[in-house]
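Here is the structure we will look at, set down as structure tokens.
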Amino acid sequence: MKPKQLYFVMLIVLVLLLGGVAVGIYFANGLLVARTRELSDTLVQATVAGDHAQDLASLKSQYLALQPKFAKLELSLPRAKKQSEIVLQVQKLADQNSVVIDSTSFTGSAGSTLPNTTSQTVPAGDAIALPISFTAKATYLNFLNFLKQLESLNRYSNVTSISVTSTVGADGKPSTSYTINMSVYIKP
């Protein structure tokens, strides 16, 4: 082979070699970019999963901190009406304050003819109100003491109205009666 031919062959081999290296670098770079994206996505997913795990751990600790208060909340805002329990508490307060309760009635909506968990109730925002009406006789001071204690029942409740009626009895003595309308609340 002549030197000139050898030179051209070497030049062609060098160009092919450089072209092969360039193509190899191009494909290697594409593969590297694809793998970098995969790693970035995996890192983001791991970070998000770690954040979720921290959030769950935080929520679990908050739940565990609140768990002892659930029993008190269930007493304050039960799922059941527990009407007899309410009447008993009101009667006990009345007895402690020398108040005589003549009658008690649950005055909710009459939408259902059969008793169920929401009969005699009315919607009240996120809770259900169980309206109660009762008539009592007492002196003014005894009634005030009774009313103060009525506000501190162990159930969420509020007095919605009070009406006062004074009458003179057959013996000539004045008598005062009070009609109290209140609502106690239950969870829906």
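The values are calculated or read from the model by the stated rules, or taken from the named source; none is laboratory data. Just so it is clear, the structure is predicted and the values come from calculations on it, not from any experiment. No Cβ is skipped: glycine too gets one built from the backbone with ideal geometry, and neighbour counts run over all protein chains shown. Note: areas computed on protein heavy atoms with side chains; ligands, DNA, RNA excluded. Shrake-Rupley method; radii C 1.70, N 1.55, O 1.52, S 1.80 Å.
Averaged over its residues, the chain has an accessible area of 71 Å² per residue, based on protein heavy atoms and a 1.4 Å probe.
The mean sequence separation of alpha-carbon pairs under 8 Å and at least six residues apart, normalised by the residue count of the chain, gives a relative contact order of 20 percent. With respect to the chain, whose longest principal axis is taken over its alpha-carbon atoms, helix 83-96 is tilted by about 50°. Over all pairs of different C-alpha atoms, the range 32-98 has a mean inverse distance whose reciprocal, the Kirkwood radius, equals 17.0 Å. Among residues other than Y63 with Cβ under 14 Å from its Cβ, the summed charge is +1 (Lys and Arg +1, Asp and Glu -1). Its Cα centre serving as origin, the chain has a Cβ charge dipole (Lys and Arg +1, Asp and Glu -1) of approximately 580 debye.
By the helix-only formula, in which each DSSP H run with n ≥ 4 contributes -39500 (n - 2.57) and the sum is divided by residues, the chain has a 222 nm mean residue ellipticity of -19000 deg cm²/dmol.
Using a Förster distance of 30 Å, how high is the FRET efficiency between N181 and L75, based on the Cβ-Cβ distance and rounded to 0.05? So, using R0 = 30 Å, E works out to roughly 0.80. Axis angle, to the nearest 10 degrees, between helix 140-150 and the longest C-alpha principal axis of the chain: 20 degrees.
For the chain, find the longest principal axis of its Cα atoms and tell me its angle to the long axis of helix 3-76, 0 to 90°, nearest 10. Between helix and principal axis, roughly 10 degrees. In summary, the chain shows an alpha-carbon radius of gyration equal to 2.53 times the 2.2 N^0.38 Å reference for compact globular proteins.
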